[in-house]
Amino acid sequence: MSDIYILGIESSCDDTSASVLRNNVMLSNVTANQSVHELYGGVVPELASRAHQQNIIPVVHEAIKRAGIDKSDLNAIAFTRGPGLLGSLLVGTSFAKGLAQALNIPLLEVNHLQAHVLAHFISEGKPDEKQPEIPFLCLLVSGGNSQIVLVKAFNQMEVIGQTIDDAAGEAFDKCAKVMGLPYPGGPHIDRLAKEGNPKAFTFNKPQIQDYNYSFSGLKTSFLYLLRDKEKENPDFVKENLNDLCASLQSTIIDVLMIKLRKAATDFNINQVAVAGGVSANSALRQAFNDHATKSGWKVYIPPFSFTTDNAAMIAVTGYFKFLNTDFCSMSEVPFARVTNTF
Ligand code: KG4
């Protein structure tokens, strides 16, 4: 079979990204981030859509140029259909439709969460790449989602557990905000925690059924601790910043790992992957590696560039769909909400 060239387009939140793959090999991956949201401590949907509109043409153009191909070489266009911010998704979806129609090539609609899981199958052409064997479990942790996904096939995944309120990334970001750290707070907490004592403060861990998560209680108890301590000492946060970050981070990771370990035991699966923005966290990566040694897990941790939103993961998911001739029609519309299977 001759090579397949797929253009992937991602615009679900605040990153405009385009990537070209030859089969599952990444030729380019170009992302424009939106710094405008830093001022507001979170993503402002209307501003995100406007920035996507400004970024989409240069980003796609650059991705095709860096791949060293002509747009007429493309076999199909994959785009993020959801979940995400509707206004943002509309920009990528409309652009993908327009370009596919102009080039007279098929369209592939991609679920953003499925793509995070399949990011493990992007090849960068390096000799030591390893990919999970199916079936495997994937802990999908990002700013908007915390899920345990059972991957039965490239196109058959079941969410066996998920957060009933806030996502893990949200817990990092919201707690960072109350400590006065910039948005997004996750990477700052990760950095500061390296100098702190993870046992300095204890927070209640949620007691939730099955493989589900909850982070809103942790967020509230963190807020109350700060409020009470600041009454006694207005400099409490400044004086204890590293310990607060280390203790919070270690609690979030404990909560994530307890349910993941339970799922791995109950489903008798030892192939375990992690994906999504929070998988960049160094302590979470360490917890995965510790488990590989202790429990014989085979762990799969993505390169940093594929942890956050990127179009290479959209293109690789599109590639698997292309092989199944799983194309979509021009009338497909974006969706905002998370689904339980994908
Ligand atoms: O997957 P992602 O890029 O997109 C969204 O879901 O929006 O995830 C972003 C999330 C943010 O909450 C950010 O704080 C978190 O990933 N994050 C981290 C780290 N790097 C990014 N959280 C903890 N430690 C990190 N090193």
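Any read-out appearing in this document is the output of simple, stated calculations on the displayed coordinates, not a laboratory observation. Source: prediction; values computed, not measured. FYI the Cβ positions are ideal-geometry reconstructions off the backbone, even for glycines, and counts take in every protein chain you see.
By DSSP, the beta bridges lying fully in the stretch 136-302 are antiparallel in about 60 percent of cases.
Averaging Cα coordinates gives a centre for the stretch 42-106 and one for the stretch 237-267; these two points are 36 Å apart. Taking Cα atoms only, the orientation of helix 311-323 departs from the longest principal axis of the chain by about 50 degrees.
Shown here: the stretch 1-58, whose C-alpha atoms stretch 49, 17, 15 Å along the first, second and third principal axes, sorted largest to smallest.
Backbone phi angles across the stretch 108-116, fed through the Karplus curve with coefficients 6.51, -1.76 and 1.60 (θ = phi - 60°), yield HN-Hα couplings of 10, 8, 10, 7, 4, 6, 4, 5, 4 Hz in residue order; Gly and Pro are listed as x.
Over the C-alpha trace of the stretch 136-302, radius of gyration and Dmax come out as 16.1, 55 angstrom. When only alpha carbons are used to place a centre, the stretch 295-342 and the stretch 120-190 end up 13 Å from one another.
Computed over the Cα atoms of the stretch 268-342, the ratio of the radius of gyration to the Kirkwood radius (Rg/Rh) comes to 1.07.
Around SER305, what is the net charge, scoring Lys/Arg as +1 and Asp/Glu as -1 over all other residues with Cβ under 15 Å from its Cβ? Please report the intermediate quantities before stating the final value.
Numbers: positive: ARG66, LYS126, ARG285; negative: GLU10, ASP15, GLU124, GLU129, ASP309.
Local charge sum for SER305: -2.
Working note: Cα atoms of the stretch 52-119, range along each principal axis, descending, whole Å: 30, 27, 22.
Could you put MET179, MET26 in order, starting from the residue whose Cβ has the fewest other Cβ atoms within 10 Å? Present the calculation step by step, with values, prior to reporting the outcome.
Details: MET179 19, MET26 23.
Least to most surrounded, the residues fall as MET179, MET26.
Positive contributions from Lys and Arg (+1) and negative ones from Asp and Glu (-1), summed over other residues with Cβ under 12 Å from the Cβ of ASN55, come out at -3. Determine the percent antiparallel among the DSSP beta bridges restricted to the chain, to the nearest 5. Among the beta bridges of the chain, antiparallel pairing accounts for roughly 60 percent. Going through the cross-link list LYS152/LYS262; LYS130/LYS205; LYS130/LYS194; LYS174/LYS321; LYS152/LYS205, which pairs have a Cα-Cα distance over 26 Å in this structure? Checking Cα-Cα distances, LYS130/LYS205; LYS130/LYS194; LYS174/LYS321; LYS152/LYS205 exceed 26 Å. State the antiparallel share, in %, of DSSP beta bridges confined to the stretch 1-131, rounding to the nearest 5. Antiparallel: roughly 55 percent of the beta bridges in the stretch 1-131. With coordinates expressed along the principal axes, the C-alpha atoms belonging to the chain extend over 67, 46, 34 Å, beginning with the largest. Residue exposure proxy: PHE154, PHE215, ordered by other Cβ atoms within 10 angstrom of their Cβ from fewest to most, comes out as PHE154, PHE215.
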